[in-house]
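S.K.: Below are the structure tokens for one structure; questions will follow.
Each reported figure results from applying straightforward, stated rules to the coordinates on display, with no laboratory input. Model, not experiment: these values are computed from the prediction. Here the Cβ positions follow ideal geometry from the backbone for every residue, glycine too, while neighbour counts run over all protein chains shown.
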Amino acid sequence: MPGLGSLSYIQIVPEAAYGYGTPAATQKLEIVSANISPVIGVIQDPSLYNAQSRRGIFQGGQLWRGSFTFRMNYAGLLEFLRGSFGTYTSPTVEAGVLDHTFKEGSTLKTYRIEMIEGNVSNTKCQTLVGAKFTGITVKGTAGTGNDAMIMLEVTVIAKDKLVDQTPTGALSFPSVLPVLFHQNITTSDGTIDGGVNSVSVVNCSASSSTTLTRAAGNFTTDGVRAGMGISGTGIPANTTVVSVGTTTLVMSAAGGAGASLTMVFLTALRVRSFEVSLDSPHTEDRFYMGALNIDEPLRSDFIVARWRLTQEFANVNLLNAAKAFTTGAPKIIFQHGTTIGAASKREFELRSGSANLVEFSAPIEGYGVIIATSTWEAWLDGTDASALVARVRNTETALP
């Protein structure tokens, strides 16, 4: 029977030493796709002997390279983030809830990865040894289909791939907790924050069926604009802002009155898609006499952290930032709807505290909405001590 993609998954464990030992896998994970292929070195005989073809072709140095793609999940992917960043901490948010935080580090761990590839051979697996994660890309697009489910792609370099190994048994997949585009609660395009923000509207009353009046504060200062979706206590579902003044706004549906109404509104920042990448260049030429496979890849250049955002062109903030080479702080946060612990919710965050806009365009290509594309390159932020930070809030125990 041929191998079937539907029968594929992986299991992973950190190595005690590069490429050695047989530790049992500790995690079992679904994959969206995997492509890990050999880089086959070839030694061609250059000898001349009064003929046209070579006298022989011989085996050269060998390594394995490729990538895994996962559904970004609020649970189960901590080891891949630690392996890609290098530094890991896990401060406690509340009892049983941790903020698993990943920042750049000087060295990366190596891993042993059991690859069940379509159940070929039957009940067996292929095992990557000396595997390092030299890059990650997190990306997503608002809408429907696979792209609306945030994806994590991990680039791998490995020393060797062992064939027909016995996979570790009795492991379980993590809970299915996908990070979805509509769970985005905060986004910054590097110039302004967007997403969900709270405004406390005190002593408000409905002066007409759809008009909301506030006795304190200023709607326009808070950033409320026509077309924004609003929700909260006393606000019907799917209500939007029709028009807004300093202390009054007109809603698309009748609102309720109360002494202390709290409104939640969505800001005007409309990010259509994002892609955040962290590349960690490592040597791939550490071959030495007497060994066919490479020695442990080491850092060979600076890391590169980049943000690429596409959004509706609604202001000139990014244009001004590009002209002035202004330092910005792009970030994106997703939050699952279920409460964990006493009051927390699962979260996934990416942020760069210091970045500069290195590309910007907003071409007019037709009748409809103009889409702006911006690329930020991050550098070492003094507060975070990292160019890029990833944070996962959940109930998983701290990594050992």
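S.K.: Quote the charge dipole size of the chain about the Cα centre in Debye, to the nearest 20; the model charges only the Cβ of Lys and Arg (+1) and of Asp and Glu (-1).
M.R.: In debye, rounded to 20, the chain gives about 280.
S.K.: Rank by packing, highest mean first: peptides 180-191, 16-27, with packing defined as the count of other Cβ atoms within 10 Å averaged across residues.
M.R.: 180-191, 16-27
S.K.: Using a Gaussian network model of the chain with C-alpha springs under 10 Å, which one of Phe348, Phe313, Phe102 is most mobile by mean-square fluctuation?
M.R.: Fluctuation is largest for Phe313.
S.K.: Another question, then. Provide the gained length on full extension for the span Thr92 to Ser6, in nm with one decimal, where the gain is 0.36 nm per separating residue minus the Cα-Cα distance. Write out the running numbers ahead of the final one.
M.R.: Values: separation 86, 0.36 × 86 = 30.96 nm, distance 3.76 nm.
Extra length from Thr92 to Ser6 when fully extended: 27.2 nm.
S.K.: Please compute the net charge surrounding Gly5, taking Lys and Arg as +1 and Asp and Glu as -1 over other residues with Cβ under 14 Å from its Cβ.
M.R.: It works out to a net charge of -2.
S.K.: So which residue, out of Lys323, Lys345, Lys124, gets the largest mean-square fluctuation from a GNM of the chain using Cα contacts under 10 Å as springs?
M.R.: Evaluated over the chain, the most mobile residue of the options is Lys323.
S.K.: For P(r) over Cα pairs in 10 Å bins from 0, in percent, the choices are [x] 4, 19, 25, 23, 15, 8, 4, 1, 1, 0, 0; [y] 4, 18, 31, 28, 15, 3, 1, 0; [z] 5, 21, 31, 25, 13, 4, 0; which was calculated from the structure?
M.R.: Matching entry in [x] 4, 19, 25, 23, 15, 8, 4, 1, 1, 0, 0; [y] 4, 18, 31, 28, 15, 3, 1, 0; [z] 5, 21, 31, 25, 13, 4, 0: [x].
S.K.: At Leu292 and Ser121, where each label point lies 7 Å from the Cα along Cα→Cβ, what is the point-to-point distance in nanometres?
M.R.: It works out to 1.7 nm between the two label points.
S.K.: For a 24 Å ceiling on Cα separation, which of these pairs sit above it: Lys132/Lys345; Lys103/Lys132; Lys109/Lys345; Lys28/Lys124; Lys28/Lys109?
M.R.: Lys132/Lys345; Lys109/Lys345
S.K.: I would also like to ask the following. For the chain, what does -39500 (n - 2.57) per DSSP helix run (n ≥ 4), summed and divided by total residues, give at 222 nm, in deg cm²/dmol to the nearest 500?
M.R.: -1000 deg cm²/dmol
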